[in-house]
Amino acid sequence: MKMPVILKIVLVTVGATAFYGYVGQLVPQKEVHPPEVVEIAEDLSPTEMAEIGKAIFDGKGICSTCHTIGKSGALRFPDLDGIATRAATRRPGYNALDYLAEALYEPDIFLVEGFNPGMPAINKPPVGLTDGEILTVIAYLQSLGGTPTVTTDTKLVYTGGTLGGGTGGGEGDGAAEGDAAAVEEGTQIATSAAEPGSPAGMLQQYGCDGCHSLDGSQSLAGPSLHDVGARLGYSEILTSTLVHKTNIPDSDYSSQLTLNEIQTMVGYLAQSKGAP
């Protein structure tokens, strides 16, 4: 008796499925669990924060996927051994805390020579660390060649702090103090040509006066900056600067400015309250 073709096809299909199912069971299986939720108490010491930061570094933060500690050669991203020391001198005008914060929140702003962009901002998906978790990671990074100094109360420039401020300073504090002094000197934005590198000079350098009146004497496309400090607080001005976009090509100023320039300009604007 000849077996029907359809029956042959069914038997071959069932046999192949059973075979590959059996082979699949021979392959070692790995259970995948969601990242463990880490409780961050308010009274943690910097050393305790560093311990939690290491767990997040290796776990939820998936930092060890691309970063090594104590290796050399062809690496995807920089090795982090001794980063606490290097961070203090990596960027002019930045202390170690500023540099580490920028490297985590906005990793593509400054790239170490020889490496390409690609690291995600770890406070956004797919990583999505909280500000508190990021502080513990910074504490851990500070422990790699140094001593952790951040606390749960430390304010970074991304969380309401100031450049060169907060806990865990280091090299670069002098530049931040100089910027603060420049802010205190002026409560009104100058309209004449300002000194290059000064807060008012930066406003002119980046063409802010093309859309915003700097002395309140004229009505332009954007709101006047002459008295912006009387209308908005520091954090509101900072947020507006970081997300500022216009319909002018290449006018995403937050991507053109360095963190130091943004901090200097925002601090200056916060002091501009329309005084004559």
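The values are calculated or read from the model by the stated rules, or taken from the named source; none is laboratory data. Worth saying up front: this structure is predicted, and the values here are computed from it rather than measured. Using ideal geometry, Cβ is built from the backbone for each residue, glycine included, and neighbour counts are taken over all protein chains shown. Side chains included, ligands, DNA and RNA excluded: accessible areas come from the protein's heavy atoms. Shrake-Rupley method; radii C 1.70, N 1.55, O 1.52, S 1.80 Å.
Below are the figures for this structure:
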{"quantity": "Only listed residue being open to solvent by 50 Å² or more (accessible area, probe 1.4 Å) and at pLDDT 50 or above, chosen from Y158, Y206", "calculated": "Y158"}
{"quantity": "Only one of V137, V127, V112 that is modelled with pLDDT of 95 or more, over 20 Å from T162 (Cβ atoms) and either open to solvent by less than 30 Å² (accessible area, probe 1.4 Å) or not aromatic (F, W, Y) (or both)", "calculated": "V137"}
{"quantity": "Residue check, D81 open to solvent by 60 Å² or more (accessible area, probe 1.4 Å) and without any contact (Cβ under 8 Å) to a residue 12 or more places away in the chain", "calculated": "no"}
{"quantity": "Residue check for P92: more than 15 Å from P148 (Cβ to Cβ), touching a helix residue (DSSP H, G or I) at 6+ places or on another chain (Cβ under 8 Å) and open to solvent by 50 Å² or more (accessible area, probe 1.4 Å)", "calculated": "yes"}
{"quantity": "Any helices (runs of 4 or more DSSP H) falling wholly within the range 73-172 and containing at least 2 residues that are charged (D, E, K, R)", "calculated": "96-105, 131-143"}
{"quantity": "Single residue of the range 38-73 satisfying the filter (among the hydroxyl-bearing types (S, T, Y) and under 22 Å from the mean Cα position of the chain (by Cα)) that is least open to solvent (accessible area, probe 1.4 Å)", "calculated": "T68"}
{"quantity": "Selected residue [under 14 Å from the mean Cα position of the chain (by Cα) and under 22 Å from E48 (Cα atoms)] from G118, G145, G128", "calculated": "G128"}
{"quantity": "Condition check for L163: touching a helix residue (DSSP H, G or I) at 6+ places or on another chain (Cβ under 9 Å), surrounded by 18 or more Cβ atoms within 10 Å (Cβ to Cβ) and either of a type in the set (K, R) or at pLDDT 90 or above (or both)", "calculated": "no"}
